[in-house]
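The values are calculated or read from the model by the stated rules, or taken from the named source; none is laboratory data. Quantities reported herein were computed from a predicted structural model and do not represent experimental measurements. All accessible areas refer to the heavy atoms of the entire protein, side chains included, with ligands and DNA or RNA removed. Shrake-Rupley method; radii C 1.70, N 1.55, O 1.52, S 1.80 Å.
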Amino acid sequence: KAGEEINITFIDKDGTKIDLQVAEGDNLLDIAQANDLEMEGELSQSRAPDIKLTSHPGACGGSCACSTCHVIVDDPDTFDKMEEPSDDENDMLDLAFGLTETSRLGCQVLMTKELDGLVVRLPTMTRNLQASDFESK
Ligand code: FES
């Protein structure tokens, strides 16, 4: 029924687990921001303060155009229950640092009852590091 709460656990970059109850239809970016969870983007800002555009989590406002909201689903079975990523999301994910088999863009994942008990990790590396990595090759 509407308004029913769904359980989700975030694992932050320090390995700390944060259990939350969220509503159906919430997206992972909004949940993380509402709970002051440090996403990739914030980390990159502290490491690379001069890079402004890509350094804010949810920099693109959840329109699937920045990859700062990269999250990693901890459990492959739950990952399989999610809606398939769109082509746009896959394109952006290719740019995310530390891409895994179960990576998603947080702003594109809406919570549903099927995802009750979802566990997602917040990546520790930054996209900016990846960019410089490319340049040195
Ligand atoms: Fe930009 Fe998700 S907030 S891709």
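Solvent-accessible area of THR100, all protein chains in place: 50 Å² (probe radius 1.4 Å, heavy atoms, ligands and nucleic acids excluded). So what does ASP77 come to for accessible area, using a 1.4 Å probe and Å² rounded to 10? Rounded to the nearest 10, that gives 110 Å². How much accessible area does ASP74 have with a 1.4 Å probe, in Å² rounded to the nearest 10? ASP74 exposes around 70 Å² with every protein chain in place. Of the listed residues PHE10, PHE79, the order by accessible area with a 1.4 Å probe, largest first, is PHE79, PHE10.
In terms of accessible area, using a 1.4 Å probe and ignoring ligands and nucleic acids, CYS69, CYS60 rank largest first as CYS60, CYS69.
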